[in-house]
Amino acid sequence: MNTKALRQKVLDLAIHGKLVPQNPNDESATVLLDKIRAEKAEKIKKGELKADKKDSFIFVGSDKRHYEQFADGTEKDIEDEIPFAVPEGWAWCRLKEISLDMADGPFGSNLKTEHYTTKKEARLIQLSNIREEGWREENTKYTTFEHAKKNISRSIVESGNIVIAKMMPAGRAIICPNNEKMYVLSSDAVKLIPSILIYSKYLLNTINSPSFRNSVTDNVQGSTRLRTSISKLKECFIPLPPPSEQQLIVAEIEKIFAQIDLLEQNKTDLQTAIKQAKSKILDLAIHGKLVPQDPNDE
C-alpha cells in the first residue's frame, strides 16, 4: 500500500470540501476574509504593518464569476484561473490575502564564518529540516542572537509561523517548532505569518496538498535546481472554508493520518517478522533441522 499517496488523497479531498460535511449555519468564509482585511487595515493604521501596493482580494460578482480587485481599484475577471469549484460558504483567496507577513531569508551558502556560533542561539532553518510530515531534526547550525536581531530581524521565525521551502522540492511546508530559543530562515525558505483569524494547521495542510504543490511546481524556475520565489508563493490560490470547518477538517485529517501511521507501523512489523522468519529458516536448514533425515541416504 502506498501510504504517501493515501495521505495526499486525504489532503486533496480536504481542500475540495469533501472530507467533512458542510454546516449551512456556519459563517461564510467571505465574511472571514472581510475581517482579515479589517485586521490588516488596523495594523497598517497603527504602523505595525506596511501597506502593500500589490495587495488585492478576490470576490464573486453578481454574474457568479470570480473577480480580483487590486489596490488601485481596478478589477479583473479571473474565473478561468480558479483551480476548482468549492462548496457553498467557502471562498477563494491568494496566500498573501490571509498572511500578515511573508519574508524570505538572507542566509544560504554565502553565510559568513563570523556569523556562526557553537552556542545554541539562533537556529538556522535549512531545507533538510522541512519535511511534509513536519520538522526534521538534523543539520544543526546557529548564528548569534546579536547578528539575527541587528541584521536580519525580518528573517526571525517564531513558533507557529509557517515555513515554506523554495526548492528540492518547492512548496513543502512545516510549522516552526518551539524547541529552540530562536529560529532564522535560510535563503531557500519563506516564512509566513498567517492572520490570527486563520487556523494555521488548515493552511499548512492546504500548502502541503497536491493542488497547491502542483501550482507551485508549474511555475518554478531553473534547469537543475528548480525553485520558486516569495512573489510567486504570494499569488498562489487558497480554498478557504469557514473557521469552524477549518478545525473540523484538521481534526479529521489528524484522525485519518493516525490510522495511516498504524498501517505503516504494522507494515514495518510484518516486514521485520518476515525477515526474521527467513533468517530462522535458513539457520534451521544449514543445521539439518528443516527436513527429517533418511537413514537410508548414501
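Values quoted throughout were computed directly from the atomic coordinates according to the rules given, and no laboratory measurement underlies them. All figures in this text were calculated on a predicted structure; none of them were measured in a lab. We place every Cβ from the backbone using ideal geometry, glycine too, and count neighbours over all the protein chains shown.
Summary table
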| quantity | calculated |
| --- | --- |
| Pairs of alpha carbons in the stretch 161-277 whose separation is greater than 22 Å (percent) | 48 |
| Amide H contacts under 5 Å for Ala189, placed H, 5+ residues apart | Gly105, Lys166 |
| Burial order of peptide ranges 186-193, 215-222, 76-83 (average beta-carbon count within 10 Å, highest first) | 186-193, 215-222, 76-83 |
| The stretch 81-145: translational diffusion in µm²/s, Stokes-Einstein, Kirkwood Rh over Cα pairs, 4 °C, 1.567 mPa s | 83 |
| Alpha-carbon radius of gyration plus Dmax, which is the widest Cα pair, for the chain in Å | 24.8, 100 |
| Those trypsin sites (Lys or Arg not before Pro) in the stretch 1-58 that DSSP places in a loop and that have at most 16 other beta carbons within 10 Å | Lys18, Lys46, Lys50, Lys53, Lys54 |
| In the stretch 21-64, lysine pairs with alpha-carbon atoms under 29 angstrom apart (chain gap of 8 or more, or interchain) | 18 |
| Full-extension gain in nm, Gln221 to Arg136, via 0.36 nm per residue minus C-alpha separation | 28.0 nm |
| Computed E for Ser62/Ser244 - FRET, C-beta separation, R0 35 angstrom, nearest 0.05 | 0.80 |
| Neighbour net charge for Phe84 - beta-carbon separation under 14 angstrom, K R +1, D E -1 | -3 |
| All aspartates and glutamates inside 20 Å of Lys150 as judged from Cα atoms, apart from same-chain residues fewer than 8 positions distant | Glu48, Asp101, Asp104, Glu114, Glu121, Glu158, Glu180 |
| Full-extension gain in nm, Leu263 to Lys43, via 0.36 nm per residue minus C-alpha separation | 74.6 nm |
| √(5λ) per eigenvalue of the Cα gyration tensor, the stretch 7-97, largest first, Å | 26, 17, 13 |
| Kirkwood estimate for the stretch 68-219, i.e. one over the average of 1/r between Cα atoms, Å | 16.8 |
| Packing-based order for 62-75, 128-141, 153-166, using average beta carbon neighbours within 10 Å, highest first | 153-166, 128-141, 62-75 |
| Long-range amide H partners of Tyr142 with built H, under 5 Å | Thr117, Leu124 |
| Phi-based couplings in Hz for the stretch 241-250 (Karplus 6.51, -1.76, 1.60; Gly and Pro marked x) | x, x, x, 5, 6, 4, 5, 5, 5, 4 |
| Whole-Å semi-axes of the stretch 214-265's equivalent ellipsoid (Cα gyration tensor) | 31, 20, 6 |
| Hz values of 3J(HN,Hα) by residue in the stretch 190-195 - Karplus curve (6.51, -1.76, 1.60), Gly and Pro given as x | 10, 9, 10, 9, x, 4 |
| Inter-label distance, nm, simple model (7 Å from Cα along the C-beta direction), Thr272/Asp34 | 5.6 |
| Gain on full stretching of the segment that runs from Leu282 to Asp72 - 0.36 nm per residue minus C-alpha separation | 67.9 nm |
